[in-house]
Amino acid sequence: MKSLIPFLIFMLVVVGLLVFSARARRRQAVQQVERSERIGVGSEVMTTSGLYGTVVARNEDETVVMSIAPGVEVKWALAALRDVASLPPQYRQEPEPEGEDDAR
């Protein structure tokens, strides 16, 4: 019986790690679904690689068409996008003021 106690303690630790890991993965999956539901046509988004653009179409195969420049549209997986409003302030791209010429 005495030699069984360390084995039981080890098994409890392993089971505990598995339970906490599963909870974290489930929480991340819920956050991903919420994030993807916020992204629709007209949303300003940033890709996971740092490319900014505007969603112009959302497809049924979990992809979106994103406009990154006038006349330039690219297809991205929805999972690779982040809604700009949900990003911390240091990652938000400030729009450049229109109508002001930079005459330096």
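A short reminder: the numbers here are calculations on the coordinates, not readings from a lab. Remember, predicted model here, so these are calculated numbers, not experimental data. Methodologically, a virtual Cβ is constructed for each residue, glycine included, from the backbone with ideal geometry; neighbour enumeration extends over all protein chains shown.
Quick one: 3J(HN,Hα) in Hz for segment 69-83, Karplus 6.51/-1.76/1.60 with θ = phi - 60°, rounded, Gly and Pro as x.
My calculation for segment 69-83 gives 6, x, x, 10, 10, 10, 9, 10, 6, 4, 5, 8, 10, 10, 5 Hz in order.
Do you know the relative contact order of segment 4-91, to the nearest whole percent, from alpha carbon pairs under 8 angstrom that are 6+ apart? Mind dumping the intermediate values first?
Values: 98 pairs, mean separation 19.0, N = 88.
Computed value for segment 4-91: 22 percent relative contact order.
In 10 Å bins starting at 0, how do the alpha-carbon pair distances of segment 4-91 split up by percent?
Bin by bin from 0 Å, the calculated values are 16, 36, 20, 12, 10, 5, 1.
Could you pull out every residue, at least 5 positions away or on a different chain, whose amide H is within less than 5 Å of the one on T63? Hs are placed 1.01 Å off N in the peptide plane, and Pro or chain starts have none.
For T63, the qualifying residues are L78.
Charges on Cβ only, +1 for Lys and Arg, -1 for Asp and Glu, centred on the Cα centroid of segment 3-64; of P6, A29, L51, which one is farthest towards the dipole's positive end?
With unit charges placed on the Cβ atoms, the residue in question is P6.
Through the Karplus equation 6.51 cos²θ - 1.76 cosθ + 1.60, θ set to phi - 60°, convert the phi angles of segment 27-40 into ³J(HN,Hα) values in whole Hz; use x for Gly and Pro.
5, 5, 5, 5, 5, 5, 5, 4, 5, 6, 5, 6, 8, x
List, in order, the whole-Hz ³J(HN,Hα) value for each residue of segment 9-19 obtained from phi through the Karplus relation with A = 6.51, B = -1.76, C = 1.60 and θ = phi - 60°; use x for Gly and Pro.
So the J values, rounded to whole Hz, are 5, 4, 5, 5, 5, 4, 5, x, 5, 5, 5.
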